[in-house]
Amino acid sequence: MGNRPLVLIATATAALAAAVATAEPSAGEREGGPRQGAPLAGKELPRTADGHPDLSGVYDVATLTPLERPEMFGDNLYLSAEQAQQFEAQAAAFRAATSTRSDPNREAPPAGGDGSPGAAGNVGGYNTFWIDNGDDTFAIEGKHRTSIIHDPPNGRLPQLTPRGMANRAILFRAFRENTGQAWWLEEQMEVGPYDDPEMRPLGERCLLGFGSTSGPPMLPVLYNNVKRIVQTPDHVMILNEMVHDARIIRIGGEHPPADVRRWMGDSIGHWEGDTLVVDTTNFRDKSGLYLYGATEDLHVVERFRRVDENTLHYSFTVEDPSAWAAPWSGEYPWPVADTSVYEYACHEANYALGNIMRGARLLEADYEQAIAGGE
């Protein structure tokens, strides 16, 4: 995927900041068309045979609302309906402009790309035709949000700990623009980013979807945001469209010993009234939140609550004292979707990962040949 998802995320965040004012909207301005349906107003929640709310169904969690709040909003949690509509219109215009057909008579791009953010600049990439990150921002109780994160009050991830900062520095040292050169040899890195397939990111290896889409916490990303919940008295299964990750949540029980580690952690659920509370520990040192700084000390508590026949309310709290100086929390609605979870053929049996490694060997051979030739 290259750096395309990061480019689009940055573009969307910049568009949000440009589309709206920094001022706190009045109480009247905060009222807007909510994305979730209205409360049941006396109607009984759909329930399973054992009496708990029935969470089963298919949901599309795509949203234009970012995880972190643009800094210009400060502690302002809300957008007015007009601000939300303006941002959604700008996002639609951007998508239309960047999804136009390519000229079949165009010249080939220059070697290494032309530097533009589109597919021609990132040779082998894809344009926004392939992106499906929603058409609107979300609202909770009729109030549009500036971010998914609501705690800390500024809507942004807390300060990283020294270990978290060190981990991020190591991680991003391996993320570079593809210049067609073996830069890791030029910098005489003791261990290069392509020395071993297991050094590549989890998403690139098709083990977990990028952006913590599989969770926990389960976050919206650029595409394949559909999820299916299947509920039984003893388990809840959440199937993610991206990389077909399936989370199995046990109802009741205890977490395994600390030496048992899993990509998505170990999830145990229990009911608090009509809310399913899920506690997850026992993560590996790399998880869905790894790119955000999480470590094996990650602990996530999620809450699933049916708002109405068409919406679940999803909230979460993340705690990792090895990565962040404080916990952080977020929430957003899961709307029911009239669709299915489609097959996600990641890397088509992962043949591409072998090609990534072979490409690195070719670049290394070019570098060694240039050194031998005195270039």
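Shape class of the range 204-296 from the alpha-carbon gyration tensor: oblate, with a/c at 1.5 or above and b/c at least as large as a/b. Residues whose amide H lies under 5 Å from that of residue 144, counting only those 5 or more places away or on a different chain, are 32, 79; hydrogens are built 1.01 Å from N in the peptide plane. Charged side chains reduced to their Cβ positions (Lys and Arg at +1, Asp and Glu at -1) give the range 216-375 a dipole of some 220 debye around its Cα centre. Charged neighbours of residue 314, selected by a Cβ distance under 11 Å, balance to +2 (K, R count +1; D, E count -1).
For residue 312, the residues 5 or more places off, or on other chains, whose built amide H falls under 5 Å of its own are 307, 334, 336. Evaluating 6.51 cos²θ - 1.76 cosθ + 1.60 at θ = phi - 60° for every residue in the range 351-359, the Karplus couplings come out as 4, 5, 5, x, 5, 4, 5, 5, x Hz, glycine and proline recorded as x.
Please say if the range 208-260 is rounded, prolate or oblate, where rounded means a/c under 1.5 for a ≥ b ≥ c the square roots of the C-alpha gyration tensor eigenvalues, and otherwise the choice is prolate for a/b larger than b/c and oblate otherwise? In terms of gyration-tensor shape, oblate. With one equal scatterer per alpha carbon and no solvent term, the Debye-computed log10 I(q)/I(0) for the range 126-213 at 0.11 1/Å reads -0.57.
Placing +1 on each Lys and Arg Cβ and -1 on each Asp and Glu Cβ, with no other charges, gives the range 304-375 a dipole about its Cα centre of roughly 140 debye.
A DSSP coil position with no more than 15 other Cβ atoms inside 10 Å describes none of the GluC sites (Glu not before Pro) in the range 262-304.
The range 139-207 and the range 311-375 have Cα centres spaced 9 Å apart. Each Lys and Arg adds +1 at its Cβ and each Asp and Glu adds -1 at its Cβ; summed about the Cα centre, the range 165-308 shows a dipole of about 420 debye. Over all other residues within a Cβ to Cβ distance under 13 Å of residue 273, the charged ones net out to +2, with Lys and Arg as +1 and Asp and Glu as -1.
Each value in this text was obtained by applying a stated rule to the coordinates, not by laboratory testing. Not measured: the values here are computed from a predicted model. Glycine gets a Cβ as well: all are built from the backbone with ideal geometry, and neighbour counts include every protein chain shown.
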